[in-house]
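Everything on this sheet refers to the single structure shown next.
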Number of protein chains: 2
Amino acid sequence: MTEHLSTWVEIPKDSDFTIYNLPYGIFSTANHSPRAGVAIGEYIVDLFFVCEKGLLEGVINDSTVFNKAFLNDFISLGKDTWSKLRNKLIELLSDSNSKLFQLKSEALVAQKDATMHLPVQIGDYTDFYSSIEHATNVGKMFRDPENALLPNWKHIPVGYHGRSSSIVVSGTDIHRPKGQTKPNDSEVPIFSASRLLDFELEMAFVVGKSTKLGEAVSTKDAEGHIFGMVLFNDWSARDIQKWEYVPLGPFLGKNFGSSMSPWIVTLEALEPFRVDSPKQDPKVLPYLEYEGKKGFDISLEVYIKPENSEETKVCTSNFKYMYWNMAQQLAHHTVNGCNVNVGDVMASGTISGKEKHEFGSMLELSWGGKNTIPLKDGSERKFLQDNDTVIMKGHAQKEEIRVGFGEVRSKILPAK
Amino acid sequence: MTEHLSTWVEIPKDSDFTIYNLPYGIFSTANHSPRAGVAIGEYIVDLFFVCEKGLLEGVINDSTVFNKAFLNDFISLGKDTWSKLRNKLIELLSDSNSKLFQLKSEALVAQKDATMHLPVQIGDYTDFYSSIEHATNVGKMFRDPENALLPNWKHIPVGYHGRSSSIVVSGTDIHRPKGQTKPNDSEVPIFSASRLLDFELEMAFVVGKSTKLGEAVSTKDAEGHIFGMVLFNDWSARDIQKWEYVPLGPFLGKNFGSSMSPWIVTLEALEPFRVDSPKQDPKVLPYLEYEGKKGFDISLEVYIKPENSEETKVCTSNFKYMYWNMAQQLAHHTVNGCNVNVGDVMASGTISGKEKHEFGSMLELSWGGKNTIPLKDGSERKFLQDNDTVIMKGHAQKEEIRVGFGEVRSKILPAK
C-alpha cells in the first residue's frame with residue numbers, strides 16, 4: 001500500500017476520495033434506484049454498470065450483488081473478494097488505456113448528481129464506550145471526580161445495544177426528541193422537548209463476516225470480520241438519558257436517531273495509518289490480549305453550523321486515542337457466543353482526547369453546561385439549538401496518501 | 001368472540017390450539033422449506049397450500065406472502081387482513097362441508113411431522129422491566145430493601161435494547177456462556193463459564209405495523225401496532241451481568257441467547273382475556289395514560305427438567321401482574337420519535353407475582369442463591385445446571401374458551 005498510485009480521474013486537492021481510498025456506498029440518481037458504487041474524487045464508479053460490462057471479470061461475475069439497496073450481499077462475498085475488487089479498481093482507474101476510461105462517461109457518475117443512502121442493512125447496532133478520556137470526563141461530572149472511572153472500565157470494553165432502526169444516513173434531518181425528564185428543580189418528572197440535545201463524535205465499524213451463535217471471535221481473527229469504517233454521530237438527549245438510564249442503560253435518550261456517513265472506508269485502505277493504541281494498565285484478561293498495531297491515526301473534526309450562518313469548528317480529535325481497539329471490542333462482544341451478522345454496526349463511543357478542544361460532545365465541551373462555546377456568528381452554545389447543523393469530518397493522511405471519510409451532516413429540526 | 005365456535009378438527013382436551021386461538025408460525029417438513037401455517041389441535045393449516053388452492057379468495061389472493069421463511073410480509077398486510085383471515089379460517093375449520101375439509105389430507109400437516117422456525121425476522125429487540133414485583137425483588141437484593149424501586153420506575157416503563165441476532169426459536173439448545181466476572185472473593189476479574197445461569201419468564205409482543213422516524217404512537221393507537229404475543233425466555237448470566245451492567249446496562253450477560261415460542265397468538269385471539277392492570281400510583285404523565293382494560297389474564301408456568309429425569313414446576317405466574325401494559329410500553333418507546341418495524345420484538349421483562357412461587361427467575365426463587373429449589377429427582381437448584389431443560393408454558397382460559405401459547409423449551413449445554 002505504500003507504493004505510489006495514480007489515477008486518470010482528476011482528484012481535487014485534499015479530496016478524501018483518492019485512489020488510495022475507494023470506499024463503498026449506495027447511491028441513486030434520477031435514472032436508477034439505489035445501487036453500489038465506489039467514490040473516486042468527485043465521482044462514483046457505478047459498480048453495477050461496470051460489472052455488467054464485464055470489467056470485473058474474474059473478480060465478480062454476477063452483477064446483481066451491486067444492484068441492491070444495500071451492500072450486504074457484496075460484503076458477504078468475503079475479504080478475498082473485497083481485496084481483489086480493490087486491486088481491479090486500482091488497475092482500471094490507473095490505466096488510461098483501460099476499458100473503464102473508455103466507458104467513463106457512463107461508468108462515472110458525478111457525486112453532485114447522486115443521492116447517497118444508508119449503505120448497509122443493519123441487523124444489530126452496538127455502541128461501545130471505549131475512549132478513556134470521554135469515560136473519565138463523564139465520570140467526573142456525574143459521579144466522583146476522584147474516582148471517575150468505574151471499577152470495570154479498564155477490564156471490559158463496556159458497550160450496550162442501541163437501536164438499529166433509527167440509524168440514518170448523512171443528510172437526514174433529525175427532530176429534537178420529546179420525552180420524560182426530571183429537572184433538578186422539579187419534584188416530579190415532566191414531559192417536554194429535550195433541552196440538552198448533544199452530538200457524540202464517534203466512528204463505527206461494519207461487520208463483514210457473520211458468525212454462528214455460540215462461536216467466539218479471537219482478537220487475532222477479529223479484523224477479518226470487519227469490512228470497514230464510517231463516521232458516526234450518536235445523537236444524545238442528555239436530560240432524557242439522565243432520568244432513564246439507571247439501571248438498564250441509555251434508551252430513549254439515544255434511539256431517536258443516529259447518523260452515519262455514506263461511504264464505508266475499508267480496513268485495507270486504512271492499513272497505512274495503523275498506530276499503537278494507548279498502553280492498557282492493568283493487564284487485560286487473555287481473551288482481550290492482542291498483538292500488533294490495532295489503532296488507526298484518523299483525524300476527526302466537528303463543526304456546528306447555525307441556520308443561515310457559517311460553521312464553527314468546535315472539536316478536533318483522533319481515533320487513535322481509543323483505549324479499547326476494534327479487535328478487542330469484537331472479541332469481547334462474541335466471547336459469550338453472541339453471534340454477529342454482516343452489516344451489523346459497532347460504534348466506538350464518543351472519541352475524546354486529553355485537551356479541552358478534543359472533547360467529542362457538547363456535554364464535555366461545555367462541561368455539563370457550565371461553559372459556553374462561542375460560534376463565529378457571535379452566538380454561543382452549551383448544547384444544540386434547533387436548526388443547528390452538525391458536521392463531522394474525518395481523514396487519515398501520511399505523506400501523499402490521504403484517505404478520508406467525507407462527512408456526516410445532519411440538521412436538528414424543532415420538536416414535532 | 002364470546003360466541004361458541006366449533007371445528008371438525010379433533011382438538012385434544014386442554015389443547016392450546018383451539019378454534020379460538022389460530023396462532024401463526026413458520027414450519028417446514030421433509031417435503032418443503034419454511035412457510036407460514038396456523039396451529040389447530042395437533043395440526044398445522046398450511047397457509048401457502050390453502051391460498052394456492054384459492055380457499056382464501058377475497059382475503060389474500062397472492063400466496064407468496066405465505067411461502068417465506070418469515071411472517072413479516074404477511075404481517076405487513078395489516079390488521080384488517082389479519083382479522084379477515086381469522087374469520088375465513090374459522091369459517092373453513094367450522095364447516096365440515098368446506099373445501100378445506102375436503103383437502104384436509106394435504107392442507108393439514110401433523111405438528112409432529114413439522115419443524116418450527118423463528119416466526120419473524122426481528123429488526124430490533126427491546127426488553128422492558130415492567131413487573132413491579134420483579135423490579136422490587138431485584139432492588140431488595142442488590143440495592144436497598146427499604147427503597148427497592150429506583151425513583152424513575154413508577155414514571156417510566158423502563159426498558160433497554162437487547163440483541164436481536166441471538167433470539168432463537170423454542171427447541172434450540174443454548175451453550176452456557178463464558179465471560180468476565182468478578183467474584184466477591186477475588187480482587188480482580190476472572191474469565192470462566194458463567195456460574196449463575198438463569199432463565200427469565202417473560203412474554204413478548206411482535207410489532208405488526210411500522211412507523212416512520214419522528215412519529216409517536218399514542219396509547220390509544222398502540223394496540224393497532226401489535227400483531228400478537230409469544231412466550232419469551234430471556235436467558236441471563238447473573239455473574240457476567242453483575243460485573244458489566246453499570247453504567248450502560250446488560251450486555252453479554254444477556255445477548256448469548258433468548259428463546260421464544262414458535263406460535264404468535266394474535267391480540268384478537270386474546271380479546272376475551274382482557275383484565276384491568278394494577279392501579280398506577282403516582283399518576284403517570286399524560287402520554288402514558290390509557291383507557292380500558294389493557295392487561296391480559298394469561299397463566300404462566302416454568303419447569304426445570306434435569307437430563308434423563310422428569311420436570312418440576314418451579315414457578316407459576318400471570319401476565320396480568322404487569323404494572324406497565326404493552327400500550328404504554330409502545331407509546332413510551334416511540335414518544336421520542338424512535339421508529340419501529342414489523343417483526344420487532346418487545347419483551348415484558350421478568351413476570352413475577354407477589355407470592356414466592358410466582359417469582360419468574362431463579363435469582364428471585366433462590367433469593368440470590370440463599371435458598372435451594374428442590375426438584376422431583378431429589379436434586380436441588382439455586383441456578384441452572386448443564387443439561388437442564390427449561391420449559392415455559394402459558395395459556396388463557398375463560399369457561400370453554402382456551403387460548404394457549406404452547407411452550408418455549410430449551411436445554412442448557414455445557415460451555416464450549
Dipole magnitude (debye, nearest 20) for the stretch A:24-117, charges at Cβ of Lys, Arg, Asp, Glu:
120
Just tell me how shielded B:151-158 is by partners: mean number of partner chain Cβ atoms within 10 Å of each residue's Cβ, no decimals.
5
Given backbone amide H placed at 1.01 Å from N, residues whose amide H is under 5 Å from that of residue B:158, ignoring those fewer than 5 places away on the same chain, are B:129
With every protein chain present, what accessible area does residue A:52 have (1.4 Å probe, heavy atoms only), rounded to the nearest 10 Å²?
110
Given a 1.4 Å probe and heavy atoms of the protein chains only, how would you sort B:212, B:279, B:376, A:294, largest accessible area at the top?
B:279, B:212, B:376, A:294
Taking the Cα centre of each part, how many Å lie between the stretch A:97-122 and the stretch A:347-370?
36
Which whole number in µm²/s is D for the stretch B:267-314 by Stokes-Einstein, with the Kirkwood Rh taken over Cα pairs at 10 °C and 1.306 mPa s?
112
Along principal axes, largest first, the alpha-carbon spread of the protein assembly as shown in whole Å comes out as 79, 63, 51
Exceeding 32 Å between C-alpha atoms, which entries from my cross-link table qualify? They are B:354/B:376; A:112/B:212; B:283/B:382; B:178/B:212.
B:283/B:382; B:178/B:212
Evaluate the charge dipole of the protein assembly as shown about its Cα centre and quote only its size in Debye, nearest 20, assuming +1 on the Cβ of each Lys and Arg and -1 on the Cβ of each Asp and Glu.
700
Using θ = phi - 60° and the Karplus relation 6.51 cos²θ - 1.76 cosθ + 1.60, list the HN-Hα couplings for the stretch A:401-412 in order, rounded to whole Hz, with x at every Gly or Pro.
8, 10, 10, x, 9, x, 8, 10, 10, 8, 9, 8
Along the dipole axis of the protein assembly as shown (charges at Cβ: +1 for Lys and Arg, -1 for Asp and Glu; origin at the Cα centre), the most positive-end residue among A:34, B:312, A:338 is B:312
The stretch B:180-241, relative contact order in percent, only Cα pairs under 8 angstrom and at least six apart counted
45
Residues with amide H under 5 Å from that of residue B:406, placed H, sequence gap 5 or more:
B:394
Name the long-range amide H neighbours of residue A:169: under 5 Å, sequence gap of 5 or more, or other chain; modelled H, no Pro or chain starts.
A:118, A:260
Note, ³J(HN,Hα) from phi for the stretch B:248-260, Karplus 6.51, -1.76, 1.60, rounded to Hz, x at Gly and Pro:
9, x, x, 9, 6, x, 10, 7, 7, x, 9, 10, 10
For the Cα atoms of chain A, what angle does the longest principal axis make with the long axis of helix A:132-142, in degrees from 0 to 90, nearest 10?
30
Rounded to 10°, Cα long-axis angle of helix A:79-94 versus longest principal axis of chain A
60
Relative contact order of chain B, pairs being alpha-carbon contacts under 8 Å that are 6 or more residues apart, as %
21
For residue A:374, label point 7 Å along C-beta direction: distances to other copies, nm:
7.8
Label-to-label distances across copies for residue A:172, with labels 7 Å out along Cα→Cβ, in nm, shortest first?
2.6
If you take each beta carbon of peptide A:185-193 and count the beta carbons of other chains within 10 angstrom, what is the mean?
2
Pop out the ³J(HN,Hα) list for the stretch A:146-159 in order, Karplus 6.51 cos²θ - 1.76 cosθ + 1.60 with θ = phi - 60°, rounded to Hz; leave Gly and Pro as x.
7, 10, 5, 7, 5, x, 7, 4, 7, 9, 10, x, 4, x
Can you list, shortest first and in nm, the gaps between the label point of residue A:291 and those of its counterparts in the other copies, using a point 7 Å from Cα in the C-beta direction?
7.0
Here the whole-number average of other chain Cβ atoms within 10 Å per Cβ of A:371-381 is 0
Pick out, from A:90, B:75, B:207, the residue whose Cα sits farthest towards the positive end of the charge dipole of the protein assembly as shown, with +1 on the Cβ of Lys and Arg and -1 on the Cβ of Asp and Glu.
B:207
How about the stretch B:127-191: which trypsin sites (Lys or Arg not before Pro) there lie in a loop by DSSP and see at most 15 other Cβ atoms within 10 Å?
B:143
In A, who owns the beta-carbon nearest the axis carrying A over to B, and how many Å from it?
A:249, 1
All-pairs alpha carbon distance profile, chain A, 10 Å steps from 0, percent:
5, 22, 32, 25, 12, 3, 0, 0
Give the span of the stretch B:154-259's Cα atoms along each principal axis, as three whole-Å numbers ordered largest to smallest.
51, 35, 24
What's the center-to-center distance, using Cα atoms, between the stretch A:26-52 and the stretch B:169-184 in Å?
44
Dimensions (Å) - the stretch A:24-117, Cα atoms, principal axes, largest first:
31, 31, 20
Quick check on the stretch B:125-413: of the DSSP beta bridges with both residues there, what percent are antiparallel, nearest 5%?
85
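The values are calculated or read from the model by the stated rules, or taken from the named source; none is laboratory data. The structure displayed is predicted, hence computed values, not measured ones. Note that each Cβ is placed from the backbone with ideal geometry, even for glycine, and that neighbours are counted across all protein chains shown. Just so you know, the surface numbers come from the protein's heavy atoms only, side chains and all, with ligands and any DNA or RNA stripped out. Shrake-Rupley method; radii C 1.70, N 1.55, O 1.52, S 1.80 Å.
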